[in-house]
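K.L.:
So that we are looking at the same thing, I have put the structure below in structure tokens.
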Amino acid sequence: MGHRTWGGRFAEGLSELAARFNASLPFDRALWREDLWQNRVHARMLHRVGLLSQEELEAILEGLERIEKEIEAGTFPWREELEDVHMNLEARLIELIGPPGGKLHTARSRNDQVATDLRLFLRAAIDELSALLLGLRRVLVREAEKYLDPPQVLPGYTHLQRAQPILLSHWFLAYYEMLLRDAGRLRDARERLNESPLGAAALAGTGFPIDRHYTAKELGFAAPMRNSLDAVASRDFALEVLSALNIGMLHLSRLAEELILYSTEEFGFVEIPDAFATGSSIMPQKKNPDILELIRAKAGRVLGALVALSTVVKGLPLAYNKDLQEDKEPLLDAFATYRDSLKLLTALLPGLKWRRERMWRAAEEGYALATELADYLAEKGLPFREAHHVVGRLVRRLVEEGRALKDLTLEELKAHHPLFAEDALPLLRLETAIHRRNSFGGTAPLAVRERILEAKKEVGLA
Ligand code: ARG
């Protein structure tokens, strides 16, 4: 059948443009280590079941060894006309060792081969990302601990309106929790993807007496996949990874966005370290948070990758179709994007300069303590809904007069509602408000400290 002619520049019958369009080598070269590993294991299996002689196996392993050295040294003759990484390695093997090289593809198809490589690649990628996530979670815990004592405060927001004061440590830990779940999602995806498609061959299995359990085990898979059609046709493992990366990137983009906002002159809570900001070419006063802006924006690429691959798989008939070659670029791009974003934030966060005074004032200044007064009246027996109205009227009046909550005198409070007494005044202090929020998961220093201690254990810091 119109297979490759190793000598020709392009596949027989394909125009140059078509051949280039068809080729995946420019991006699936990234899988060469996985392909080599798989080739070695497959060859050993073929030998064990009697399909390769000892000499043939040795020749193949030696050839693969030389190929590895060539690739590492940058001397490997990559040829795009050979379409993909698999054909490149196989053709080179035959060039180097002759006919035994041609036996390597016995009982295998590129369909199970590429699915196997991709699973191996993603498994390693997940391990790398998990390590990076752990590193970033460590930073988040350390920062949380750093600002706990003395407690550093900022306004917590809803609708981007100052709502209630919170601890900066509590804010850090919110991201810690998100990232903890992101790591869990990757772990789950890893567990499900760790099965071997190898030996499914083109789609139906093979008549050769292969040992799929052996190859699965040697490649570190939990088991061979149980259905050959599923093994070569499915990419839900890749979609799961992309979903996890997408959610992970969304979290990073929120963190980036908050830091961008907080670093504006309008907020003035934090200063981005110089190593992660650039100056403007014409406005000398400006410091632009480029890196954070890019992290915010690149979440779009990762979502794009998920959408792209979902669309490829949607409605695709079984089993392998060339459409599936389109799985690699989105995956590689999403992986690199998320990896770099994690690294950058890990380096950036410890260098942030938080402006304690400004944050404190912002938390105190507005009417972020109004809830305290409403809670107070509720504790004295007024139904909360009514207490809310009473304090609402008070705040409206203060706004009109251009005054802050802490400007209130005891007399004014008493005049506003008879349930107000002397013990209401301390509530208008930030410290009181924070310390009161001592419910499980709340922002009180005691509650936050407890979570920090646990989190330190989770990330191996204690
Ligand atoms: N380069 C192909 C891919 O990435 C390898 C599998 C090709 N299989 C085939 N039947 N043409 O999907």
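The values are calculated or read from the model by the stated rules, or taken from the named source; none is laboratory data. Quick caveat: nothing in here was measured; it's all calculated off a predicted structure. Counting neighbours? That spans all protein chains shown, and the Cβs are built from the backbone with ideal geometry, glycine included. Side chains are part of the model used for accessible areas, which takes the heavy atoms of the whole protein and leaves out ligands, DNA and RNA. Shrake-Rupley method; radii C 1.70, N 1.55, O 1.52, S 1.80 Å.
K.L.:
So which of 187, 226, 212 is closer than 24 Å to residue 316 by Cβ and among the charged types (D, E, K, R)?
P.N.:
Testing whether each residue is closer than 24 Å to residue 316 by Cβ and among the charged types (D, E, K, R) leaves just 226.
K.L.:
Can you name every residue in the range 94-114 that is small (Gly, Ala, Ser), touching a Leu at 6+ places or on another chain (Cβ under 8 Å) and in a helix (DSSP H, G or I)?
P.N.:
101
K.L.:
On the given criteria, is residue 346 crowded, with 19+ Cβ neighbours inside 10 Å, polar (S, T, N, Q) and over 30 Å from residue 227 (Cβ atoms)?
P.N.:
Here the answer is no, as residue 346 does not meet what is asked.
K.L.:
Give the number of residues within the range 86-99 that are open to solvent by less than 30 Å² (accessible area, probe 1.4 Å) and away from the ligand (no atom under 16 Å from the Cβ).
P.N.:
2
K.L.:
Do we have any residue at all in the range 148-158 that's within 16 Å of the ligand (Cβ to nearest atom), outside any loop (DSSP other than H, G, I, E, B) and not aliphatic (A, V, I, L, M)?
P.N.:
no
K.L.:
Anything in the range 266-302 that is open to solvent by less than 80 Å² (accessible area, probe 1.4 Å) and assigned to a helix (DSSP H, G or I)? List them, or say none.
P.N.:
276, 290, 291, 292, 293, 295, 297, 298, 299, 300, 302
K.L.:
Note down all Cβ pairs under 9 Å where the first residue falls in the range 108-123 and is farther than 22 Å from residue 242 by Cβ, the second is away from the ligand (no atom under 12 Å from the Cβ) and open to solvent by 20 Å² or more (accessible area, probe 1.4 Å), and they're at least six residues apart or on different chains.
P.N.:
Here the result reads 108/206; 108/210; 109/206, each pair linking the range 108-123 to a residue that is away from the ligand (no atom under 12 Å from the Cβ) and open to solvent by 20 Å² or more (accessible area, probe 1.4 Å).
K.L.:
Considering each of 436, 449, 385 in turn, give the residue that is charged (D, E, K, R), open to solvent by 40 Å² or more (accessible area, probe 1.4 Å) and either over 25 Å from residue 156 (Cα atoms) or free of Cβ contacts under 8 Å to residues at least 60 places away in the same chain (or both).
P.N.:
385
K.L.:
Is it fair to say residue 316 is in contact (Cβ under 8 Å) with a residue 60 or more places away in the chain and out of contact with any Ser or Thr (no Cβ under 7 Å at 6 or more places or on another chain)?
P.N.:
When the stated conditions are applied, residue 316 passes them.
K.L.:
Tell me yes or no: at least one residue of the range 108-126 is more than 29 Å from the chain's Cα centre (by Cα), on the phi > 0 side of the Ramachandran plot and open to solvent by 10 Å² or more (accessible area, probe 1.4 Å).
P.N.:
Checking the range 108-126: not a single residue is more than 29 Å from the chain's Cα centre (by Cα), on the phi > 0 side of the Ramachandran plot and open to solvent by 10 Å² or more (accessible area, probe 1.4 Å).
K.L.:
Hey, another quick one. Which one of 167, 198, 180, 242 is in contact with a helix residue (DSSP H, G or I) (Cβ under 9 Å, 6 or more places away or on another chain), crowded, with 23+ Cβ neighbours inside 10 Å, aliphatic (A, V, I, L, M) and more than 27 Å from residue 110 (Cβ to Cβ)?
P.N.:
Going through 167, 198, 180, 242 in turn, just one is in contact with a helix residue (DSSP H, G or I) (Cβ under 9 Å, 6 or more places away or on another chain), crowded, with 23+ Cβ neighbours inside 10 Å, aliphatic (A, V, I, L, M) and more than 27 Å from residue 110 (Cβ to Cβ): 167.
K.L.:
Something else about it: Out of the residues in the range 307-327 meeting the condition of being under 20 Å from residue 20 (Cβ atoms) and over 27 Å from the mean Cα position of the chain (by Cα), tell me which one is surrounded by the fewest Cβ atoms within 10 Å (Cβ to Cβ).
P.N.:
322
K.L.:
Only one of these conditions is not met by residue 192: (1) within 16 Å of the ligand (Cβ to nearest atom); (2) in a helix (DSSP H, G or I); (3) not aliphatic (A, V, I, L, M). Which number is it?
P.N.:
Unmet for residue 192, out of (1) within 16 Å of the ligand (Cβ to nearest atom); (2) in a helix (DSSP H, G or I); (3) not aliphatic (A, V, I, L, M): (1).
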